[in-house]
Each structure stands twice: as C-alpha cells, then as structure tokens.
C-alpha cells in the first residue's frame, strides 16, 4: 500500500503526465518543462487552458443545474452558477488573448498585451456579481426555511466534481506559470474556489437528508462569499498590473544575469520593466570603461539589447554610462 506522501507524489506525476499530453497534442511546444518564451506558443497555452475549461465546465454545469433543481438546493444552484461563470471567464480569456495578439500600432507602440489584464478584471467583476446575487438568494431561503432534499449519491457526484476541478486548477496554474500569463492563473483560482464550493455543497446535501435545511442556505451564503472574495482578489491583482506594479525579482534577476554576461559591461542598475502581457518594455543603465569610444559603447549597448531580446520578448532601451560615475547617476 502507498503511503500518503507516495500516493500524493503519484497523483502529481499523473497530473503532469496528462498536462504534458495536452501540451504536446495541442501546442507546437515539445519540451513540456521548458518556460514559454515564444508569444505564439504562449497564446496556444492560453487557448488550450480556455478550451479545456469551457468543455469541462459546460459538462459540470449541466449536471449541477439538473441536480440542483431536482433537490431544490440553493447551494448547489449557486455552485452551478459559479461553474457557468467559469465558462464565461474562459471565453473572456479566449477573446482577450486574441485581442492581445493585435500588432502594435501608432497609439499602442508596445502592442495590446494589457488586454489580458482587462480580461482578468472582467472575470473578477463577473464573479462578484454572481456571488452577490446568490448570496442574497441564500439569505432569503435561510429566512424562509425552504426545504431541501438530501442525497448521498449527489453528494458523491459533487465530490467527484470537486476532484476534477482541482485537476483543472493545477492544469491552469502549470500553463499560466510556464507562460507567465496572469489571466490563466486567475482562472485557476476560479477553478479552486469552485472545487471548495462543491465540497461545501456535498456537506449541505448530506445535512439536508437529516432535516437540517438551514445548512444548505448557510453554505450557499458561504459559497457566495467565497466567489466574491475570489473576485475581489482578482480585481486587485489585475488593477495592480494595469497601474504598473514592480516586476518580479526573478525576472529582474534573469535580465541582470543576461546583461552582465555581455562582453564589455562592467555594471548595471536602474532596471525598469513594464508588463504588456506576453511582451515587456525594459529600460536599464549599463556601465562601460571610461576610455571607450562612442562607437564601441554603442556596439556594447546593441549587444545587450540583442542578448535580452533573445531570452525575453521585449522592447529594450539601454543607457550607457562611464564606469567612473558608479551607480549613483
């Protein structure tokens, strides 16, 4: 018999194996573990996650709506609405990434990649609206004491659905992390809240079988609160990116390592990274020997720009300084 740790490791390997199959089948990337750099492959990752989410959630939502109506369970219907919202958010991701691929133009010299962040913000708003509506409905049913049917079979079905949603969470997190796509990671957390909600619904259905109808209404309110909380968290994340938050330290370190490995670069500072989804806008200062000619300094700056662009989809501007000025300039 497998220990808990071994069983968990086996499940994780199985999950990665399935994810790897999807990547090799539906994208042009063969090195599954490699970080995605090519913008076209990054878009393929987004489409893959979105379509898996749409198909999976359509099936789950139909099952949940049918069972919710059968049992007259508000918590189950709220969970079904949450799953339907998952379908809508995945459609938003598809549209967002398609719009983000629009080439740069005069008004948008760095492209339209920030449409991804707008997509995440729209997902957040949809979640908060759905959560608010079902929170109110659950409260009314709590006050009215609306009866709910119990069913052990339905509870088991909900737990199976929760397990499937957890797999979808890990699938989306993996793709989103590899592609540095905030919208996919946002969708992943949407899946996880739905998984947690399904577990709560299973508890409510079991309790209803023993006549505790208020548990269904109360956990319906809990599911609604969970949906609203997720929406608020996503809204804050997307807003921060749109405002222009600091780049992750890992990305800055990646850029720094690339620049400092270029011949002729004696030091660097003032690294600024502006995030445009699949593309970045980078500016930085490098230091070179004081006695270099303008032509030679320009060559080093061009080498730095080319080196960064070879490892990161980015528009880059390099400012050259004499080494004697130090990092205070």
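The values are calculated or read from the model by the stated rules, or taken from the named source; none is laboratory data. Keep in mind the model is a prediction, meaning the values are calculated, not measured. Neighbour counts are summed over all protein chains in view; Cβ atoms, including those assigned to glycine, are modelled from backbone coordinates with ideal geometry.
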Got a number for residues in the stretch 273-310 being within 34 Å of the chain's Cα centre (by Cα) and exposed (fewer than 14 other Cβ atoms within 10 Å of the Cβ)? 2
Go through the stretch 30-51 and count every residue that is surrounded by fewer than 19 Cβ atoms within 10 Å (Cβ to Cβ) and more than 13 Å from residue 101 (Cβ to Cβ). 8
If we scan the stretch 144-163, do we find a residue that is in the same structural domain as residue 121 (by TED's automatic domain parsing), farther than 30 Å from residue 31 by Cβ and under 21 Å from the mean Cα position of the chain (by Cα)? yes
Out of the stretch 197-227, which residues are modelled with pLDDT under 85 and within 27 Å of residue 18 (Cα to Cα)? 197
Residue hits (the stretch 130-145; farther than 21 Å from residue 62 by Cα and surrounded by fewer than 16 Cβ atoms within 10 Å (Cβ to Cβ)) are 132, 136, 140, 143, 144, 145
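Any residue in the stretch 250-263 that is farther than 25 Å from residue 307 by Cα and either exposed (fewer than 13 other Cβ atoms within 10 Å of the Cβ) or under 18 Å from the mean Cα position of the chain (by Cα) (or both)?
First, pick out the residues of the stretch 250-263 that are farther than 25 Å from residue 307 by Cα: none.
No - not one qualifying residue is present in the stretch 250-263.
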Within the stretch 190-209, the residues that are under 11 Å from residue 150 (Cα atoms) and either out of contact with any helix residue (DSSP H, G or I) (no Cβ under 6 Å at 6 or more places or on another chain) or not assigned by TED's automatic domain parsing to the domain that holds residue 67 (or both) are 203, 209
For the stretch 164-175, check the following and say yes or no: at least one residue is in contact (Cβ under 8 Å) with a residue 40 or more places away in the chain, buried (at least 16 other Cβ atoms within 10 Å of the Cβ) and within 20 Å of residue 232 (Cβ to Cβ). yes
It is to be established whether one or more residues within the stretch 210-223 are crowded, with 17+ Cβ neighbours inside 10 Å, out of contact with any helix residue (DSSP H, G or I) (no Cβ under 7 Å at 6 or more places or on another chain) and not assigned by TED's automatic domain parsing to the domain that holds residue 318. yes
Evaluate the stretch 186-196: report whether one residue or more is more than 30 Å from residue 98 (Cα to Cα), more than 11 Å from the chain's Cα centre (by Cα) and modelled with pLDDT of 80 or more. yes
